[in-house]
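The values are calculated or read from the model by the stated rules, or taken from the named source; none is laboratory data. Please read these numbers as outputs of a predicted model, since none were measured by experiment. No Cβ is skipped: glycine too gets one built from the backbone with ideal geometry, and neighbour counts run over all protein chains shown.
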Amino acid sequence: MNLDFSAVKESKNLLAFSAGVDSTALFFLLLKQNIPFDIAIVNYNVRVQSKDEVSYAKELALKYNKKIFIKEVKLEATSNFEKTARDIRYSFFDEIITQNSYVTLITAHQLNDKLEWFLMQFTKGAGLIELIGFNEFEEKENYKVYKPLLEITKDELENFLKLENIKYFIDKSNFDEKYKRNYFRHNFSDKLLNEFKNGIKNSFVYLQNDLNSLNINLNPIKKIHELEIFYNQNSDNLNIRIIDNSLKKRGILLSFAQREEILKQKEITISHKINISITEKFIWIAPKIEKSMDKKFKELCRVNNIPKNIRSYICTSNINLNELIF
Ligand SMILES: Nc1ncnc2c1ncn2[C@@H]1O[C@H](COP(=O)(O)OP(=O)(O)OP(=O)(O)O)[C@@H](O)[C@H]1O
C-alpha cells in the first residue's frame with residue numbers, strides 16, 4: 001500500500017489510536033515511512049475488550065518508542081453514546097495538543113467512513129458542499145486534522161494487516177444497528193463499496209474537482225479565539241452555508257426562518273449568544289458579549305470597518321485590531 005504522507009513528515013503529529021482495523025493499519029503505515037507521531041487513546045469502558053485494546057496500545061507505544069496518552073472514562077451504551085464519546089475524545093485531543101504543542105492530529109477515517117457520511121448527509125438534505133465535506137485536511141483553531149486514508153477501503157486496510165501479520169481488534173459495537181451510522185454502514189455504504197469500489201472512488205475525485213473549479217472558499221480568512229471572518233461570497237446560497245456551518249460547530253442548528261432572517265437583517269443575534277454581521281466584503285461571527293468600550297476603541301473599530309455587534313467580543317478577548325485590517 002503506497003501512501004504519500006509527506007505533508008506531515010516534518011510536523012509534530014498525534015495519532016488518534018483505537019486499536020481497531022483502521023488506526024492499527026495507519027500506525028504501521030506511518031511507521032514504515034518514518035513519519036514521527038505519538039498516540040492517544042480513550043477507553044470508554046463500555047466493552048470488556050477495551051482494556052485489552054489499551055494494553056495493546058501501551059505495548060505498541062513501548063515497542064516503537066512512542067509517547068502514549070490515555071484517558072479512562074465510564075460511559076453507558078445508550079443511543080447517545082457515539083456523540084458523547086466523540087465529544088470526550090475531541091476535548092481530550094485538544095487538551096493534549098495544547099499542552100504538548102502538537103501540530104497535526106491524524107485520524108484513521110477511510111473511504112467507508114467518507115461514503116457513510118455522504119449517504120447520511122444525502123438522506124438528511126444536503127448540497128454539494130456538505131456531501132463531500134469530509135476532507136483530507138481540516139483547520140482547527142490550534143491544529144489541523146489530517147485524514148490520510150480517505151481513498152482506501154476498510155477491506156484494503158484489513159488485508160494489509162493480515163498480510164503483515166499484525167494484531168488488531170474488532171469493535172463489536174460497530175455491528176449494533178441502534179447506532180444510526182451502523183445502520184447506514186451495514187445496509188448501504190459497505191455493500192456499495194463491495195460492489196462498486198472503483199466507480200465510487202472516481203466519483204469522489206470528480207466531485208472534488210468540480211467543487212475546486214467553482215473556486216468557492218468557505219474557510220475563514222481569519223479565526224481568532226471564537227471570532228471568525230469569512231469572505232462575503234456575494235451569494236445568499238453560499239453565505240448562509242458558511243454561517244450555518246460555523247453555527248453548527250458552535251452547537252446551534254439554524255431553522256429555516258432564522259436563515260431567512262440572517263440574510264434579510266445582515267446584522268443579527270442568534271439564540272441570544274452569537275452575533276453575525278454580513279458586510280460588503282466579509283461575514284463576521286462572534287459570541288455576543290455585553291461590555292462598555294471606550295470611545296477611542298470604538299472609533300478605531302469604526303475607521304477599520306469592524307461591525308458594531310462584533311466589537312465587544314474583540315475588546316473582551318484583547319484581539320489586536322491590526323490583525324483585523326484587510
Ligand atoms: N477510543 C478512541 N481513542 C482514540 N482515537 C479514536 C477512538 N475511537 C476512534 N478514534 C479515532 O477516530 C477515528 C474515527 O473513528 P470512528 O469512525 O469510530 O469515529 P466517529 O464516531 O466517526 O467520530 P468522528 O468522525 O467525529 O471522528 C478513528 O479512525 C480513530 O483515528
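Laid out as a table, the results:
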{"item": "Residue count, region 1-49 (criterion: more than 12 Å from Tyr168 (Cα to Cα) and within 9 Å of the ligand (Cβ to nearest atom))", "result": "8"}
{"item": "Meets criteria (surrounded by fewer than 11 Cβ atoms within 10 Å (Cβ to Cβ) and either in contact with a helix residue (DSSP H, G or I) (Cβ under 6 Å, 6 or more places away or on another chain) or assigned by TED's automatic domain parsing to the domain that holds Glu226 (or both)) for Phe282", "result": "no"}
{"item": "Selected residue (criterion: farthest from the ligand (Cβ to nearest atom)) from residues of region 71-128 that are over 26 Å from Asn45 (Cβ atoms) and of a type in the set (Phe, Trp, Tyr)", "result": "Phe122"}
{"item": "Residues (over 23 Å from the mean Cα position of the chain (by Cα) and part of a loop (DSSP other than H, G, I, E, B)) located in region 234-272", "result": "Asn234, Ser235, Lys266, Ser271, His272"}
{"item": "Any chance Glu136 is away from the ligand (no atom under 12 Å from the Cβ), closer than 21 Å to Pro36 by Cα, modelled with pLDDT under 95 and charged (D, E, K, R)", "result": "yes"}
{"item": "Any hit, region 211-227, residues being touching a helix residue (DSSP H, G or I) at 6+ places or on another chain (Cβ under 9 Å) and assigned to a helix (DSSP H, G or I)", "result": "yes"}
{"item": "Residues of region 53-89 classified as in a helix (DSSP H, G or I), without any contact (Cβ under 8 Å) to a residue 12 or more places away in the chain and under 21 Å from Pro36 (Cα atoms), total", "result": "3"}
{"item": "Exclusive hit being surrounded by fewer than 16 Cβ atoms within 10 Å (Cβ to Cβ), within 23 Å of Ile132 (Cβ to Cβ) and touching a residue at least 12 places away in the same chain (Cβ under 8 Å), set Arg241, Arg250", "result": "Arg250"}
{"item": "Residues of region 9-38 that turn out to be within 18 Å of the chain's Cα centre (by Cα) and either over 14 Å from Lys147 (Cα atoms) or outside the structural domain of Asp87 (by TED's automatic domain parsing) (or both), as a count", "result": "1"}
{"item": "Ser189 vs. criteria within 15 Å of the ligand (Cβ to nearest atom), part of a helix (DSSP H, G or I) and closer than 20 Å to Leu149 by Cβ", "result": "yes"}
